[in-house]
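Quick note: the coordinates plus some simple rules give every number you see, no bench work behind them. Predicted, not measured: the structure shown is a model, and the values here were computed from it. Note that each Cβ is placed from the backbone with ideal geometry, even for glycine, and that neighbours are counted across all protein chains shown.
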Amino acid sequence: MIDAVLIKQCANETLKPEIVEMFIERAGSQNPLAITVRSGNRIVLVPKPTTPDEALALIRDNLGRNTVRVGITQYPAGLGISEAGQLKPDLVDACENVRMGTALFGKVYRIVTKWYGNPTATDVLPQVLDDAIIAWQTGYFEGIAVFRATDPGDVKLTQTRPVRRDGVEAQAGLPESETKPEVPSEAVTPDANNAGIRIDLSGVGGRP
């Protein structure tokens, strides 16, 4: 379980601690150096880094060829940067990764909440979080590239949208089993919105 002190000190203030805990538990890692690499729908086996330098080197080696996510929040690599040389050690720092990851996830969560019509019904809210986590993992929600989308800002819980897809993925209506993580470009400028698993390090300053 993620350290409550780490969440309190580093997580974005727009998210409640319990939401941050569930987000990291379901979509993240307990290891600040955790790196996940995918090529299309396949997981690429890579050596586990034991130091921040090794982790950054592994990220640089895969950016532009594969999708990569890193750290406690499995932050999408390449988001907000134009070349691998711009990667910063902050990406594999536990507190900074939580800060950036929860800030970006906060935006994703608000996008999903707004789509639902800002629901208040307690039986709907878990589905909102489920879809927000799926959107984080795939980079998409209802055809929206969530990492690049405009932040809807403060979302007030006022009404309930009486619709939802049972067992359907948040990526443009595809079933979860058929979701397609983004296929990175040939260049070193991966599209973080298609990152099934990718990481970025800067670009998210403060609120997403």
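Values as computed for the structure displayed
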{"item": "Qualifying GluC sites (Glu not before Pro) for segment 1-74 [loop in DSSP, other Cβ within 10 Å: at most 16]", "result": "Glu13"}
{"item": "Order of Met100, Met22 - criterion: other Cβ atoms within 10 Å of each residue's Cβ, fewest first", "result": "Met22, Met100"}
{"item": "21 Å Cα-Cα threshold exceeded, pairs from Lys16/Lys107; Lys16/Lys114; Lys16/Lys88", "result": "Lys16/Lys88"}
{"item": "Lys48, Lys114 arranged by Cβ crowding within 10 Å, fewest neighbours leading", "result": "Lys48, Lys114"}
{"item": "Relative contact order, percent, segment 51-105 [alpha-carbon distance under 8 Å, six or more residues apart]", "result": "37 percent"}
